[in-house]
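J.: Quick one: the structure is below, and I'll ask about it shortly.
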Amino acid sequence: MPRELWKGAIQFGLVHIPVSLYPAEQSEELSFTMLDRRDLQPVGYKRYNKATGEEVPYEQIVKGYEYEDGRYVTLEKEDFKRANVEATQTVEIIGFVDAGKVPPYYLEAPYYLAPGKHGDKGYALLREVLERSGKVAIANVVIRTRQHIAMLYPRDNVLLLNTLRYQNELRPADDLDVPKDLKEAKVQPNEIKMAERLIEDMAIDWNPKQFHDTYRDDLMKMIEEKAAGHVREAPRKRAAREAEVIDFAKLLEKSLAARKHGVAANDEEAEERAPRRKGGAEHRRAAAPKTRRKAAAPRSGAHHRRAA
């Protein structure tokens, strides 16, 4: 169980639901130690007083805000709560919107909410009405020293709180040089049809378990090789490719053909691995072309699931 970050309540109208906040993310990044190249000893960092050069014990460090050049206001841990006690202890629901109305690029970091003492009934009630209505709650919440706008939504039996970016935290895309429409990009009707076919053929069901950080695996493998005394040769630098006119129609045709052949080849391999029954060889040979034609046909589009 992750460490509790925050304890307070969800509040909307006169409803008050005691909850605790927990991080939903966990990092699996490789941890590296900074070393002195000359003797491979770990490099340490000291907190020191810039005026005296003396090291400062951790318990003597305080946060300060520079309101004038060289003049600071110091803030203790409790000061951040005193600024607005209610805000630091409340998930204040502002309103409810349809689940699909919040664009994904506003999503920032997920947290779990768990009911506190006497909070089970209100927690279950809010979770259920959000599920039934297809809506999410938009709220204000203070985490550590910063206020966030957040989205509350149910997932299975848990309420999640996802912090959102403020609009002014997203850079405008007005200055990007992008084609205004298909005509300006010189996209042909046959290219659209082939691209749609390729997307349909590549449609999958969303299953997050099938994805993981393969670069981390490759990096760990190289580390193990170096630890065993094997050093890989440095890859050659690739020359930068100049811009060229791309025939998208040909690329799309090749992509579709490659996928069709790949599906057919997989069917043939599965057939070879299957146990052979006496007298069934002729039937399989006769059915094989039909099977390949069927397998080569594009699959139907992905099933759309409602995501909270």
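The values are calculated or read from the model by the stated rules, or taken from the named source; none is laboratory data. Computed from a predicted model, the values in this text were never measured in an experiment. Positions of Cβ are backbone-derived with ideal geometry, glycine not excepted, and every protein chain shown enters the neighbour counts. The protein model used for the area step is the full one, side chains on, heavy atoms only, and it has no ligands, DNA or RNA in it. Shrake-Rupley method; radii C 1.70, N 1.55, O 1.52, S 1.80 Å.
J.: Just the number please: accessible area per residue for the range 168-228, 1.4 Å probe, all protein chains included, in Å².
T.: Roughly 94 Å² per residue, with all protein chains present.
J.: Sticking with this one: Using the Kirkwood radius over Cα pairs, work out the Stokes-Einstein diffusion coefficient for the range 170-241 at 20 °C and 1.002 mPa s, in µm²/s as a whole number.
T.: D = 117 µm²/s.
J.: Among the lysines, select those whose C-alpha is under 22 Å from the C-alpha of Lys226, and discard any that sit fewer than 8 residues away in the same chain.
T.: Lys237
J.: For Val56, list long-range residues whose amide hydrogen, built 1.01 Å from N in the peptide plane, is under 5 Å from its own amide hydrogen.
T.: Arg47, Tyr48, Asn49
J.: Moving on to the next point. For Glu169 paired with Ile94, estimate the spin-label separation in nm (one decimal), with each label point 7 Å from Cα along the Cα-to-Cβ line.
T.: Using points 7 Å along Cα→Cβ, the separation is 1.3 nm.
J.: Quote to one decimal, in nm, the extra length available between Leu219 and Ala51 on full extension: 0.36 nm per residue of separation minus the C-alpha distance between them.
T.: Fully extending the segment from Leu219 to Ala51 adds 56.2 nm.
J.: Okay, moving on. Determine the shape class of the range 23-156: with a ≥ b ≥ c the square roots of the Cα gyration tensor eigenvalues, call it rounded for a/c under 1.5, and otherwise prolate if a/b is greater than b/c, oblate otherwise.
T.: Taking the square roots of the gyration eigenvalues as a ≥ b ≥ c, the range 23-156 is prolate.
J.: Apply the Karplus curve 6.51 cos²θ - 1.76 cosθ + 1.60, θ = phi - 60°, to the phi angles in the range 209-217 and return the couplings in whole Hz, x for Gly and Pro.
T.: 5, 7, 10, 7, 6, 6, 5, 4, 4
J.: Tell me which lysines have Cα within less than 23 Å of Lys101's Cα, excluding those fewer than 8 residues away on the same chain?
T.: By straight Cα distance, Lys101 reaches Lys135.
J.: Can you give the extra length, in nm with one decimal, that the chain gains between Asn190 and Tyr105 once fully stretched, where that is 0.36 nm per residue apart less the Cα-Cα distance? Don't jump to the answer; show the numbers that get you there.
T.: Working: separation 85, 0.36 × 85 = 30.60 nm, distance 3.14 nm.
This chain segment gains 27.5 nm when fully extended.
J.: While we're here: So for the range 71-194, averaging the separation of alpha carbon pairs under 8 Å that are six or more residues apart and normalising by length, what relative contact order in percent results?
T.: So the answer I get is 26 percent.
J.: Could you report the range 88-140's accessible area per residue, 1.4 Å probe, as an integer in Å²?
T.: Numbers: 3080 Å² over 53 residues.
So the range 88-140 comes to 58 Å² accessible per residue, rounded to a whole number.
J.: I'd like the carbon and sulfur percentage of the solvent accessible area for the range 66-213, probe radius 1.4 Å, heavy atoms only, ligands and nucleic acids excluded.
T.: About 52 percent, which is the carbon plus sulfur part of the accessible surface.
J.: Another question about this same structure. What are the aspartates and glutamates whose alpha-carbon lies under 15 Å from the alpha-carbon of Lys221, with same-chain residues fewer than 8 places away excluded?
T.: Within the straight-line cut-off, Lys221 pairs with Glu29, Asp213, Glu233.
J.: Something else now. For the range 106-112, what does the Karplus curve 6.51 cos²θ - 1.76 cosθ + 1.60, with θ = phi - 60°, yield as ³J(HN,Hα) per residue in whole Hz, taken in order and with x for Gly and Pro?
T.: Calculated HN-Hα couplings, in order: 7, 5, 10, 9, x, 9, 9 Hz.
J.: So if I place +1 on the C-beta of Lys and Arg and -1 on the C-beta of Asp and Glu, and nothing else carries charge, what would the dipole magnitude of the range 1-149 be about its Cα centre? I want it in debye, nearest 20.
T.: Computed charge dipole of the range 1-149: roughly 280 debye.
J.: With the Cα gyration tensor of the range 1-97 giving a ≥ b ≥ c as the square roots of its eigenvalues, does the rule (a/c under 1.5 for rounded; else a/b larger than b/c for prolate; else oblate) give rounded, prolate or oblate?
T.: Note, shape of the range 1-97 comes out oblate.
J.: Only Cα pairs under 8 Å and at least 6 apart count here; give the relative contact order of the range 135-177 as a rounded whole percent. Don't skip to the end; give the middle numbers.
T.: Details: 48 pairs, mean separation 11.5, N = 43.
With pairs under 8 Å counted, the relative contact order is 27 percent.
J.: Another question, then. Taking a threshold of 25 Å on the Cα-Cα distance, which of the pairs Lys77/Lys121; Lys50/Lys77; Lys186/Lys254; Lys7/Lys63 fall above it? Intermediate values should be presented prior to the final figure.
T.: Numbers: Lys77/Lys121 33 Å; Lys50/Lys77 23 Å; Lys186/Lys254 20 Å; Lys7/Lys63 23 Å.
The answer is Lys77/Lys121.
J.: Follow-up question, since we're still on this one. Compute the FRET efficiency between Asp177 and Glu29 as 1/(1 + (r/R0)^6), taking r as their Cβ-Cβ distance and R0 = 35 Å, and round to the nearest 0.05.
T.: Here the calculated transfer efficiency is 0.55.
J.: Which listed residue (Phe80, Ile93, Tyr65) has the Cα farthest towards the positive end of the charge dipole for the range 64-103, taking +1 on Lys and Arg C-beta and -1 on Asp and Glu C-beta about the Cα centre?
T.: Ile93
J.: Just to check I understand the Karplus step: with θ = phi - 60° and J = 6.51 cos²θ - 1.76 cosθ + 1.60, what whole-Hz values come out for the range 115-123, glycine and proline as x?
T.: So the Karplus estimates, Gly and Pro as x, are x, x, 4, 6, x, 4, 5, x, 4 Hz.
J.: Moving on. So, with +1 on the Cβ of K and R and -1 on the Cβ of D and E, and no other charges, what is the size of the charge dipole of the range 76-168 about its Cα centre, to the nearest 20 debye?
T.: Details: 13 positive and 11 negative charges, 11 e Å.
So the dipole magnitude of the range 76-168 works out to roughly 60 debye.
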